[in-house]
Every structure is written in structure tokens, then in C-alpha cells.
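This report refers to the structure that appears directly beneath it.
The values are calculated or read from the model by the stated rules, or taken from the named source; none is laboratory data. Remember, it's a predicted structure, so these values are computed and weren't measured experimentally. FYI the Cβ positions are ideal-geometry reconstructions off the backbone, even for glycines, and counts take in every protein chain you see.
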Amino acid sequence: MDAEAPADKQPVRLTIYNQTFTLRVPGDPEELLRAANEVDELVTSIARSGNMDATRAAILACLHLQDKVDELQQELEKFRNIEERTRELGRLLDGVVP
């Protein structure tokens with residue numbers, strides 16, 4: 001198994017919507033801190049706009065982020081289709097051009 005040893009992970013404290021979490025992460029914790037900050041801003045802005053509790057704000061934030069993931073997956077699929085068509089055109093050109 002290729003799991004990292006617990007000693008290779010650093011504890012990182014982060015706060016999202018006034019809730020503090022400590023996570024053990026491999027490598028540079030700055031990426032996680034940046035992501036946590038973005039999630040905190042999103043949840044806070046959602047909660048503020050509707051004056052709602054943390055659970056509801058977190059669920060709406062998750063839905064918002066999943067929508068973004070879906071959009072990015074669709075964009076990625078478009079690029080994959082373009083790449084595939086480009087390879088196909090290259091093969092056709094190779095057959096025509098000596």
C-alpha cells in the first residue's frame with residue numbers, strides 16, 4: 001500500500017464559519033488553508049444573504065461547489081473531445097501527406 005506515514009503529515013488548524021478544525025495533511029498546508037479560506041468566505045456570504053444557520057449555509061455552499069465541479073467537468077470533456085479529434089485529423093493527414 002502507498003499510504004504516507006502519519007509522521008509525514010503536519011497538523012493544520014483552520015476555521016470555517018467560526019468552526020475550528022485541525023487536520024493532518026501531507027506536504028505544504030498553504031493549499032489547504034487557501035481552500036479553507038475560500039470555503040469560509042462562501043459559507044459566510046451564503047449565511048449572511050439568507051440569515052440562516054450553519055448547516056443550511058454549508059449545504060448550500062456544497063451545492064454551489066458541486067455545480068462548479070459539474071461545469072468544469074463539462075469543459076474538460078470538451079477539451080478531451082478536441083484533443084481526440086486533433087489526433088484523428090493528424091492520423092488522416094499522415095495518411096495523405098507523404
Could you tell me whether Val43 is part of a helix (DSSP H, G or I), within 23 Å of the chain's Cα centre (by Cα), β-branched (Val, Ile, Thr) and surrounded by 10 or more Cβ atoms within 10 Å (Cβ to Cβ)? yes
Identify, by number, the condition in (1) surrounded by 13 or more Cβ atoms within 10 Å (Cβ to Cβ); (2) in a strand (DSSP E or B) that Pro11 doesn't meet. (1)
Identify the residue in segment 42-91 that is closer than 30 Å to Ile16 by Cβ and of a type in the set (Ser, Thr, Tyr) and, among all such residues, is modelled with the lowest pLDDT. Ser49
Can you report the number of residues in segment 16-38 which are surrounded by 12 or more Cβ atoms within 10 Å (Cβ to Cβ) and in contact (Cβ under 8 Å) with a residue 24 or more places away in the chain? 2
